[in-house]
Amino acid sequence: MTDTAHPRTALISGASIAGPALAFWLNRNGFAVTVVEKASTVRSGGYPIDVRGTALEVVRRMGILPRLRDAHIDSRRFTFLDADGRTVVAIDPRILGGSVAGQDLEVRRGDLTDALYTAVRDDVEFLFDDSIHTLDQSADGVDITFRSGGSRTFDLVVGADGLHSRTREFLFGPEAQFHRYLGYCFAGFTMPNTFGLAHEITMWNTPGRAAALYAVGDSDEVHAFLNFAHQDPPFDAFRDPAAQRDLVAATFADAGWEVPGMLAAMRDADDLFVDVVSQIRLPRWSRGRVGLVGDAAYAPSFLTGQGTSLALVGAYMLADALAGRDAGAGFAAYEHSTRAFVALNQDQIGAGDATLFPTTAQALAQRNAMLRNLSALPATQGRPAHSALTLPELAPAT
């Protein structure tokens, strides 16, 4: 039975997807929850993301599935182009991603984060424009000092602060030892939709390089995406915004199609995001009273399309595991129940001989042949990994 006079206290670092989802379920289980977020508000906008398989049941139980269905993007075509800009094949994007038509969701990232925040904002304390400065565990709790200067003690702390998690660094040390680089870098930004694109993705490829334009609905903007193979992660360049732009521009300097215009738009973009394509592989997800969830614990990379779904499912499973258990036992139960599902989805990378971003002419030809075969299939079968975990039963949200 929950002690309503003295509820257990939990601090969650990060208010993107895993953080608010975890806050929702911990609050339902009687915790007094605080969420700290370094941004000044919940972040809107962003690229489209997928909610698939088991994660659909999480958002249904939260009561936000109807809202997300209303926000569903419904991309209808994914067109692949060759080096000269000629069509190789056009395919239903749901087939490529392993989504089930009429069930799985594709929504703007901001629509999901807003739905999660709205579902929990009246019941949970949010500290925006702040972050954890120091973290010290003891037998009595976790002592936190915030960047703003305040200090508090919590019964447990969870890092939901993404791929480059500061909480993970507090627990286990520098990211490099857990960072599995997948051989690619990418740049994403928005630019004017002067191409007449609607409800579709168009991607140009040469070996080791890809340029894509993603039109969400009938918007006057498109999401531009430049992906390229790079032998080693260029972390030095990524520390300098000008060097980021220079690296991407040099890599695509001789590219055709619409790439020159994309590079010009990238130079002026105020929402440019550049990073490496990678996964986080940790031997354990917690230590003492502090644990991790979502990308902080097990980022699968955007190549799987499962980052959002793993964050939602992980948040639910962690909250369920902590109900009625102390922090150490709860974190252990969460890892025991969830790790196989996470590993199965992370391991979607590298399955088969042809990838979405081939690095050789032979691999590119193989991928194109695979896509032509897929184009004849209906989008009715999801990937088993997406639904490989059954959620423990809880009362649905009202």
Can you find a residue in segment 220-229 that is more than 22 Å from the chain's Cα centre (by Cα) and aliphatic (A, V, I, L, M)?
no
Residue in segment 49-98 that is nearest to Ser219 (Cα to Cα), counting only those that are of a type in the set (S, T, N, Q) and touching a Leu at 6+ places or on another chain (Cβ under 7 Å)
Thr87
Quick check: is even one residue across segment 254-276 closer than 30 Å to Arg86 by Cβ, in a strand (DSSP E or B) and either within 20 Å of the chain's Cα centre (by Cα) or of a type in the set (Ser, Thr, Tyr) (or both)?
yes
Filter pass, Arg180 being farther than 22 Å from Asp275 by Cα and surrounded by fewer than 17 Cβ atoms within 10 Å (Cβ to Cβ):
no
Quick one: is Leu226 surrounded by 15 or more Cβ atoms within 10 Å (Cβ to Cβ), part of a loop (DSSP other than H, G, I, E, B) and hydrophobic (A, V, I, L, M, F, W, C)?
no
I'd like the full set of residues that are touching a residue at least 40 places away in the same chain (Cβ under 8 Å) and assigned to a strand (DSSP E or B), limited to segment 195-214.
Glu200, Ile201, Thr202, Met203, Trp204, Asn205, Thr206, Arg209, Ala210, Ala211, Leu213, Tyr214
Are there any pairs with C-beta distances below 6 angstrom linking a residue in segment 23-35 that is within 15 Å of Gly330 (Cβ to Cβ) to a residue that is open to solvent by 20 Å² or more (accessible area, probe 1.4 Å) and among the β-branched types (Val, Ile, Thr), with the two at least 6 apart or on different chains, and if so which?
Gly30/Thr2
Of everything in segment 37-69, what is over 14 Å from Ser387 (Cα atoms), touching a residue at least 40 places away in the same chain (Cβ under 8 Å) and charged (D, E, K, R)? Give them in sequence order.
Glu37, Lys38, Arg43, Arg60, Arg61, Arg67
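Taking segment 193-247, which residues are of a type in the set (S, T, N, Q) and either farther than 17 Å from Asp271 by Cβ or in contact with a strand residue (DSSP E or B) (Cβ under 7 Å, 6 or more places away or on another chain) (or both)?
Once the filter is applied, which keeps residues that are of a type in the set (S, T, N, Q) and either farther than 17 Å from Asp271 by Cβ or in contact with a strand residue (DSSP E or B) (Cβ under 7 Å, 6 or more places away or on another chain) (or both), segment 193-247 yields Asn193, Thr194, Thr202, Asn205, Thr206, Asn227, Gln231, Gln244.
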Please specify each residue of segment 304-328 satisfying the condition of being open to solvent by 40 Å² or more (accessible area, probe 1.4 Å) and free of Cβ contacts under 8 Å to residues at least 24 places away in the same chain.
Gly324, Arg325, Asp326
Looking at Gly291, is it open to solvent by less than 10 Å² (accessible area, probe 1.4 Å), modelled with pLDDT of 95 or more and outside any helix (DSSP H, G or I)?
yes
In segment 130-165, the residues that are touching a strand residue (DSSP E or B) at 6+ places or on another chain (Cβ under 8 Å) and at positive phi:
Gly141
For residues that are among the hydrophobic types (A, V, I, L, M, F, W, C) and surrounded by fewer than 20 Cβ atoms within 10 Å (Cβ to Cβ), scanning just segment 329-350, find the one that is farthest from Gly307 (Cα to Cα).
Ala329
Flagged pairs (Cβ under 9 angstrom, 6 or more apart or on separate chains; first in segment 117-142, without any contact (Cβ under 8 Å) to a residue 24 or more places away in the chain and within 20 Å of Ala315 (Cα to Cα); second open to solvent by less than 90 Å² (accessible area, probe 1.4 Å) and not in a loop (DSSP other than H, G, I, E, B)) are Arg121/Pro20
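The values are calculated or read from the model by the stated rules, or taken from the named source; none is laboratory data. What you are looking at is a predicted structure, and each value in this text was computed from that prediction instead of being measured. Neighbour counts are summed over all protein chains in view; Cβ atoms, including those assigned to glycine, are modelled from backbone coordinates with ideal geometry. Accessible surface areas use protein heavy atoms only, side chains included; no ligands, DNA or RNA. Shrake-Rupley method; radii C 1.70, N 1.55, O 1.52, S 1.80 Å.
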